[in-house]
Each structure stands twice: as structure tokens, then as C-alpha cells.
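Working notes, structure below.
The values are calculated or read from the model by the stated rules, or taken from the named source; none is laboratory data. All values reported here derive from a predicted model rather than from experimental measurement. As a convention, Cβ positions derive from the backbone with ideal geometry for all residues, glycine included, and neighbour counts pool all protein chains shown.
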Amino acid sequence: MSWKNANRDAFSAFMCDETALDTLRSVVVDMGWAPEKCHRGGLRNAIQSLSITASPNILMVDLSESGDPLNDINALAEVCEPGTVVIAVGQVNDVRLYRDLIASGIQDYLLKPLNPGQIRDALVQAQTIFTAPKNHDAGTAKRHVSTAIVGTRGGVGASTLATSIAWLFSTDHKLPTALLDLDVHFGTGALTLDLEPGRGLTDAIDNPSRIDGLFIERAMIRANDNLAILSAEAPISAPLMTDGSAFVQLEEEFRHAFEMTVIDMPRNMLINFPHLLSDVNVVIVATELTLAGARDAIRLLSWLKTNAAHARPIIVANKIQVGANEISKSDFEASIERKINFMVPYDIKGASNAAKLGQTFVAANRSTKAGGVLRDVAQMIIGSVDEEGATNADNGADKRKASLLGKFDLKKMLATKPKAGAPA
Ligand SMILES: Nc1ncnc2c1ncn2[C@@H]1O[C@H](COP(=O)(O)OP(=O)(O)OP(=O)(O)O)[C@@H](O)[C@H]1O
Ligand SMILES: [Mg+2]
């Protein structure tokens, strides 16, 4: 076990090229550290050096010359003393690599070419983390449940469900909750709650390296004591320019700052950024009972099975009208080869009530049938994770039970799909 002792340098760096070294040295001097601690060399040199000297408090390493960065990072971890905050630098712009590096304990990943502002931000943050009490080292990681809501089709009520469920977590269950509305241009998360979306999400997308606890605190809009929202109303003339790293980073920060995350996840986001589901525990598949809804429920469930097998799918059929659905419940279930978990009635009075009051659907309709079903959905999300056992509790039996739900064979489905759309 090592302590923050006097033998340790505050900072050292191993960079592959002079340009990066020059940029770095100027910032290092500003931070009050010794510029000669910025060495020429990459990850390999860092490993060699740290195997014979004490590790610095903050270490910056250049991955540019590493053929297998993840493997080399693991080798670095073997010689690096615990407590060192490591910032990686590289020239590969890849969310997957970024994620893997973060998962292996790297604090941050900076993309070349480096600029002084970006380096300064990263170093200031690293310093904060180094000096902060290390409670997550002690195996006391807070439990966190992340739920994504995806609609099989447009307008099925995915956002209505997302805002309602987030509201319930934050009020009935008194759990600190973050609502992330990833419908960046047309999101209704803030609108539903009669709030201005602000610039938070837009800033996060433009500047992923800024995202930290403080940023979240400032950028999120408070809906109540326990509910904070991040959403945008990006101009229709501004296409979404992101590699998705901002969203991954936000999910990561929410994990530390909240107990529940609810993500309103438009279908196209899944396609473009499948990584967004890596840490999601529950996926609500919202649908109407239509032919197109059935086809896309099948496709989404199959996609989830391949790309997010760890997440528990829950099917919520919305806008149900007795005797007036395009496809019957049983035909729908036969075609998706699994049960619908919840049926939310069509309730136009309820929807209009919520719009008038500037409240979520569930808040405005507490005593209605639809409101009751939504409370059950929220309860199931909380319960489903209890069933599986918290990731850090080791005596929870049958941990993987819930994932059986994801194990249906979806191959033959299209063949067995009812011809409900055929004219009579
Ligand atoms: N159970 C319901 N009964 C009546 N109206 C509903 C119900 N659920 C949602 N609505 C209404 O349907 C409309 C679409 O809902 P919502 O915006 O939640 O759908 P969405 O799936 O998020 O749509 P988009 O594809 O645009 O993101 C809204 O006007 C909402 O008030
Ligand atoms: Mg929506």
C-alpha cells in the first residue's frame, strides 16, 4: 500500500513527439510543476521508468506509438502505484477505445493535436481527483440503475414514459435521478416539465472533455429536489456533430452523481452509438399495437440481444384502446415471441391534462388507470435490479435469472408474423 508520500513527484509525462512536449511543458510550468518531468518517449518508456522509480501523483502517457494500447495500459498498471491518476494521450478518435481505457482505470483520454486549454482542464481535474477522498477504491461503489427508453416507432409515447418514470423515481421513490434526453433536436423532456432546456447538453456535445461533476451540477436543469434534466432544442439547421463520447462521458458522471439514470433514447441513436447501451441495466421497449410496431419490436429485441445482452428488456404497449388496436395483444405477443409486460391505456384526457398543467403524464394523472400502470413500470425497474442483486453484493442468488428474458430465439419470428396488415 502506498500513501501520497513526499517521494512522489506531483507530475510526470511521457510524450512521443516534440510538438506535444512543447505544448505540455508550457502548461506544466503554469501549474507550478517541473518541466523536466515531461520526458520524450511513449507508454513503453513510462513502464520502464516506473518499474524503477516511485510513481507520480499524476501521470500523462502518450499511446501514439503503442500497437496495443489496452494491453500496454495493463502492463503500466502493474508497475504504477495505486492512487496515481493516469491521463492518456493519443491520435485515435474512437469511442470504443475511449471507453475501454476509462474502464481500465484511465482518468481521461486526450486527442492529439493537444491544445493548452484541454491539457489544463484535464490536469486540474486530475489534481482534484488525486486529492479527493478515495471512497470508490474501498469497494463502496454506489448502486446505480440506468434505464433507456426506446420507441419501436415514432410517437408511440417513449418520451411520455421516460419523463413519467424519471418523475416517479424522483418523487415516489425519492431517488436522485438524472433524465438524459438524447433527442437532441426534437426532445420534449424539458418541455413536458415546463422548463427551458438551456445549453447544457449542447455544451456537453461540443466539449466532451469539460464533462465532470461540476459541469453536471451547473448544466443540468432541476425539475424537483431529486430530478435533474439534461436536454436540448438544437437548431434544426445544426446537424448533430459528435462521435458519441460526450454521451458516454455523461452516463459515466451520472453513475457517480445519481442513483437512477433515465435515457430517452431515439432509435437512430442506438444505430449510431450502440456503445450508449453498454452500461444500461434496463431497456424499456415502448410500442403501440401495430404491424410496424411488431416488426420493429422484433428487430429491436434482436438487436438488444446481440448488442446489450446484459440489459433487461421490458415491453410496454402504450395507447391501448379496447377493441381498437391495429393488432391484438395475443397476435402481437405471438409475433414477438414474448409477453408484453405492461399495457398503458389510451387516455387523451390524461395527455391533455398533463399538457395543460406542464407536468409529466404520471404526475398529472395519479389516480387514473394509466398512471397506475406507469407506477408499476417504475416499480418493476427498481425491483428487477433488486432481483438480479446489486453488482457489488455477492450473496444475491440467481443473479442472471432476469437475463433469461433476453434468451428467446427470434429467428423464426418474421415467418410467424400475423398478416394483420392484409386487407380483409
Ligand atoms: N397513453 C396515452 N394516451 C394518450 N396520449 C398519449 C399516451 N401516451 C402518449 N401520448 C401522447 O402521444 C404523443 C406522443 O408521445 P411522445 O412524445 O411521448 O412519443 P415519442 O415516442 O417520444 O415520440 P417521438 O418519436 O416524437 O420521440 C404526445 O402528445 C403524448 O401526450
Ligand atoms: Mg420522444
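Taking helices (runs of 4 or more DSSP H) that fall entirely within region 154-244, which contain at least 3 residues that are assigned by TED's automatic domain parsing to the domain that holds ALA370 and touching a strand residue (DSSP E or B) at 6+ places or on another chain (Cβ under 6 Å)?
Details: elements: 158-170, 189-192, 200-206, 213-219.
Fully inside region 154-244 and qualifying: 158-170.
For region 271-367, which strands (runs of 3 or more DSSP E) that fit wholly inside it have 3 or more residues that are within 16 Å of ligand 2 (Cβ to nearest atom) and under 27 Å from SER146 (Cβ atoms)? Let's see the steps before the verdict.
Values: elements: 282-287, 312-320, 342-345.
So the answer is 282-287, 312-320.
Rundown of residues vs (1) over 27 Å from LEU289 (Cβ atoms); (2) more than 9 Å from ligand 2 (Cβ to nearest atom); (3) free of Cβ contacts under 8 Å to residues at least 24 places away in the same chain, yes/no style:
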position	(1), (2), (3)
ARG143	yes, yes, no
THR147	no, yes, no
VAL150	no, yes, no
GLY157	no, no, no
THR160	no, no, no
THR163	no, yes, no
LEU168	no, yes, no
HIS173	yes, yes, no
LEU180	yes, yes, no
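Evaluate region 299-319: report whether one residue or more is polar (S, T, N, Q), at negative phi and near ligand 1 (Cβ under 10 Å from one of its atoms). For region 299-319, residues polar (S, T, N, Q), at negative phi and near ligand 1 (Cβ under 10 Å from one of its atoms): present.
Results for (1) away from ligand 1 (no atom under 16 Å from the Cβ); (2) of a type in the set (A, V, I, L, M); (3) buried (at least 19 other Cβ atoms within 10 Å of the Cβ); (4) within 30 Å of ALA10 (Cβ to Cβ), shown as yes or no for each residue.
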| residue | (1), (2), (3), (4) |
| --- | --- |
| THR128 | yes, no, no, yes |
| VAL145 | yes, yes, yes, no |
| ILE149 | no, yes, yes, no |
| SER159 | no, no, yes, no |
| LEU180 | no, yes, yes, no |
| LEU191 | no, yes, no, no |
| LEU201 | no, yes, yes, no |
| ILE205 | yes, yes, yes, no |
| LEU227 | yes, yes, yes, no |
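Regarding ASP243, is this residue within 16 Å of ligand 1 (Cβ to nearest atom), in contact (Cβ under 8 Å) with a residue 24 or more places away in the chain and either surrounded by fewer than 21 Cβ atoms within 10 Å (Cβ to Cβ) or within 23 Å of HIS144 (Cβ to Cβ) (or both)? For ASP243, the condition - within 16 Å of ligand 1 (Cβ to nearest atom), in contact (Cβ under 8 Å) with a residue 24 or more places away in the chain and either surrounded by fewer than 21 Cβ atoms within 10 Å (Cβ to Cβ) or within 23 Å of HIS144 (Cβ to Cβ) (or both) - is not met.
Filter region 34-64 down to residues that are buried (at least 17 other Cβ atoms within 10 Å of the Cβ), over 20 Å from GLN125 (Cβ atoms) and among the acidic types (Asp, Glu), then give me how many there are. The qualifying residues number 0.
Grab the helices (runs of 4 or more DSSP H) fully contained in region 1-101, keeping just those with 1 or more residues being touching a strand residue (DSSP E or B) at 6+ places or on another chain (Cβ under 6 Å), outside the structural domain of VAL248 (by TED's automatic domain parsing) and hydrophobic (A, V, I, L, M, F, W, C). Spell out the reasoning first.
Values: elements: 18-30, 43-52, 69-79.
Correct list: 18-30, 43-52.
ILE271 passes every criterion in (1) within 17 Å of LEU101 (Cβ to Cβ); (2) among the hydrophobic types (A, V, I, L, M, F, W, C); (3) free of Cβ contacts under 8 Å to residues at least 24 places away in the same chain apart from (1). Evaluating ASP172 against the criteria (1) closer than 21 Å to ILE382 by Cβ; (2) crowded, with 18+ Cβ neighbours inside 10 Å leaves one unmet condition, (2). Taken over region 182-196, residues that are farther than 22 Å from PRO345 by Cβ and more than 9 Å from ligand 2 (Cβ to nearest atom) amount to 9. The residue pairs whose first member lies in region 71-95 and is closer than 16 Å to CYS16 by Cα, whose second member is basic (Lys, Arg) and surrounded by fewer than 22 Cβ atoms within 10 Å (Cβ to Cβ), and whose beta carbons are closer than 8 Å, counting only pairs six or more residues apart or on different chains, are ASP72/ARG44; VAL89/LYS112; GLY90/LYS112; GLN91/LYS112.
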